[in-house]
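Data block below; observations after.
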Amino acid sequence: MSDEKPEGPTPGFLVWRLSMKWRVAVDRALAPLGLTHAQYSLLASLRGMAKAGVRPSQRELADHSGLEALYVSKLARALESDGLIRRLRDPDDSRAVRLSLTEHGAEVTAEAVVVVHGLLDRLVAPLGGLDGDHTREFCTDLRRLLDVRPDL
């Protein structure tokens, strides 16, 4: 293995910069709907899971979305007070809380998905847009990187 360092920024720096740039862009795009990127991530994940017939617990939603369980709990309480989701005790596990979108939450989330997909299509335009071959390859590479378990 060579001791030479690569020219230019590292992959970690580039991923961090891209994630920060996209997070800010999504926050700005969602601001008119009164949502943050984190709230959108939770709502869109909940929507997708519901479409698959799953009514997740907070833990399951945390695992699915990649957010910390404590953060999901905090977001869920705020989204419940905004009338966007319901939090109900699981009848089979008194420790678990099951989540679902309210009718209002489903409407807001559907609108947010349209906004974010339009934004993402513009952000990946250099790769051919959301349906581009390079975008699909990029997503494949990102999934491979996300599958790597750091030894911490």
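The values are calculated or read from the model by the stated rules, or taken from the named source; none is laboratory data. Predicted, not measured: the structure shown is a model, and the values here were computed from it. Virtual Cβ from ideal backbone geometry, glycine too; neighbours counted across all protein chains shown. Protein only, heavy atoms only, side chains kept; ligands, DNA and RNA dropped before computing areas. Shrake-Rupley method; radii C 1.70, N 1.55, O 1.52, S 1.80 Å.
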* Structure fact -> For segment 76-91, in residue order, the Karplus 3J(HN,Hα) values (coefficients 6.51, -1.76, 1.60; θ = phi - 60°; whole Hz; Gly and Pro = x) are 4, 4, 5, 5, 5, 5, 7, x, 9, 9, 10, 10, 10, 4, 6, x
* Cα gyration tensor of the chain, axes a ≥ b ≥ c as square roots of the eigenvalues: rounded (a/c below 1.5), prolate (a/b > b/c) or oblate? -> prolate
* What does the charge dipole of segment 76-151 about its Cα centre add up to, to the nearest 20 debye, if the Cβ of each Lys and Arg holds +1 and the Cβ of each Asp and Glu holds -1? -> 300
* What does the accessible area per residue of segment 67-152 come to in Å², with a 1.4 Å probe and no ligands, DNA or RNA counted? -> 71
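Using +1 on the beta carbon of Lys and Arg, -1 on that of Asp and Glu, and nothing else charged, what's the dipole of the chain about the Cα centre, debye to 20?
Details: 21 positive and 22 negative charges, 95 e Å.
With only Lys, Arg, Asp and Glu charged at Cβ, the dipole is about 460 debye.
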* **Phi-based couplings in Hz for segment 59-66 (Karplus 6.51, -1.76, 1.60; Gly and Pro marked x)** => 4, 4, 5, 4, 4, 5, 8, x
* To do: Work from the charge dipole of the chain (Cβ charges, +1 for Lys and Arg, -1 for Asp and Glu, about the Cα centre) and give the residue of M49, G83, G128 farthest towards its positive end.
  => G83
* **DSSP loop GluC sites (Glu not before Pro) with at most 15 other Cβ within 10 Å excluded, longest remaining stretch of the chain** => 69-152
* If we sort 71-77, 143-149, 20-26, 39-45 on the protection proxy, mean other Cβ atoms within 10 Å, highest first, what's the order? -> 39-45, 71-77, 20-26, 143-149
* Asked: Quick one: if the Förster radius is 30 Å, what FRET efficiency do S94 and Y71 give, using the C-beta to C-beta distance and rounding to 0.05?
  -> 0.85
* Asked: Rounded to a whole number, what % of the accessible area of the chain do carbon and sulfur atoms account for, probe 1.4 Å?
  -> 56
* Asked: For segment 83-122 and segment 1-79, what is the separation of their Cα centres, given in Å?
  -> 14
* Asked: Most fluctuating residue of L142, L33, L46 in a GNM of the chain with Cα springs under 10 Å: which is it?
  -> L142
